[in-house]
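Inspection log for the structure reproduced underneath, given as structure tokens.
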Amino acid sequence: MKIFLDTANIEHIRHGVGLGVITGVTTNPSLVSREGKVDYRKLVQDICSVVPGPVSTEVLGQDVQTMVSEAREIAKWAENIVVKIPASLEGVEATSVLAREGIQVNFTLCFTLNQAVLGAQAGAAFISPFVGRLDDVGEDGMEVVADIVEYLDYYQLRTQVIAASIRHPQHCLMAARAGAHIATVPYQVLLQMIRHPLTDIGIERFRDDWTKVMTREGLV
Ligand code: E4P
């Protein structure tokens, strides 16, 4: 499973890419607005220049024509741009038009297998089921991820599943078990994924034992 960062913060993205484990980024209007007053296009282009893989950015229009023309414009911003289109009826049509033009679509705000089926049939390159938001309303977000993965595998479709709206490290391991191709994680969750107290204790113990022996042998 690949790991994308779910943020528009360029410093966090630089750090994640520097670790060598972040191969893509997803943004949305809420994440971009957290970066304060920014030049949207420049911010996205800066992100694209740092990230070695797909960078998803969302259209704001809601009707087919507006979504399609926004997406065509956004697609010119960088080679690795993916346009996020919401899983509405208008979004299905916009996705079909854009996919036929070779523009990569991330079919976002997906909450059911039925929505994912339509997104995949429309030609979306990625589908993003929102796990945390489903869990928030008492549904099982990861079950939706597993259902979509199974459907895509069964029909040998090339669309990839991005487990999105990830809230904690447990979501990441569940996404991997469910066979998600990608998990897009907030920066804090990326940092939490590596942490374990036994690793810290182990590192400290090895260092102490080594220092003891070196001291005893008079080598320090
Ligand atoms: C994914 O593409 C979305 O940007 C994101 O995962 C939404 O997460 P949230 O539900 O925590 O806002």
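Tabulated results
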| read-out | value |
| --- | --- |
| Highest-MSF residue in the chain out of His171, His15, His196 [GNM, Cα springs under 10 Å] | His196 |
| Whole-number percent relative contact order across region 2-195, with pairs defined as alpha carbons under 8 Å at least 6 apart | 18 |
| Among Val131, Val105, Val17, residue whose mean-square fluctuation peaks in a GNM of the chain (springs only between Cα atoms under 10 Å) | Val17 |
| For the chain, fraction of C-alpha pairs farther apart than 31 Å, in % | 26 |
| Solvent-accessible heavy-atom area per residue, rounded to whole Å², over the chain at 1.4 Å | 54 |
| Apportionment of accessible area to carbon and sulfur, region 2-195, percent (1.4 Å) | 51 |
| Stokes-Einstein D for region 21-76, Kirkwood Rh over Cα pairs, 20 °C, 1.002 mPa s (µm²/s) | 176 |
| Net lengthening on full extension, Asp135/Arg195 (0.36 nm per residue, minus Cα-Cα) | 19.2 nm |
| In the chain, lysine pairs closer than 28 Å at Cα, eight or more apart or cross-chain | 8 |
| Unit charges on C-beta of K, R, D, E only; dipole of region 12-169, Debye | 640 |
| Over the chain: helical MRE at 222 nm, DSSP H runs n ≥ 4 each giving -39500 (n - 2.57), nearest 500 | -16000 deg cm²/dmol |
| Neighbour-limited loop hits for trypsin sites (Lys or Arg not before Pro), region 114-211 (at most 14 other Cβ within 10 Å; DSSP other than H, G, I, E, B) | Arg158, Arg195 |
| Top of Ile203, Ile166, Ile74 by mean-square fluctuation, Gaussian network on the chain, Cα under 10 Å | Ile203 |
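The values are calculated or read from the model by the stated rules, or taken from the named source; none is laboratory data. Keep in mind that what you see is a predicted model, and the values were worked out from it rather than measured. We place every Cβ from the backbone using ideal geometry, glycine too, and count neighbours over all the protein chains shown. Side chains are part of the model used for accessible areas, which takes the heavy atoms of the whole protein and leaves out ligands, DNA and RNA. Shrake-Rupley method; radii C 1.70, N 1.55, O 1.52, S 1.80 Å.
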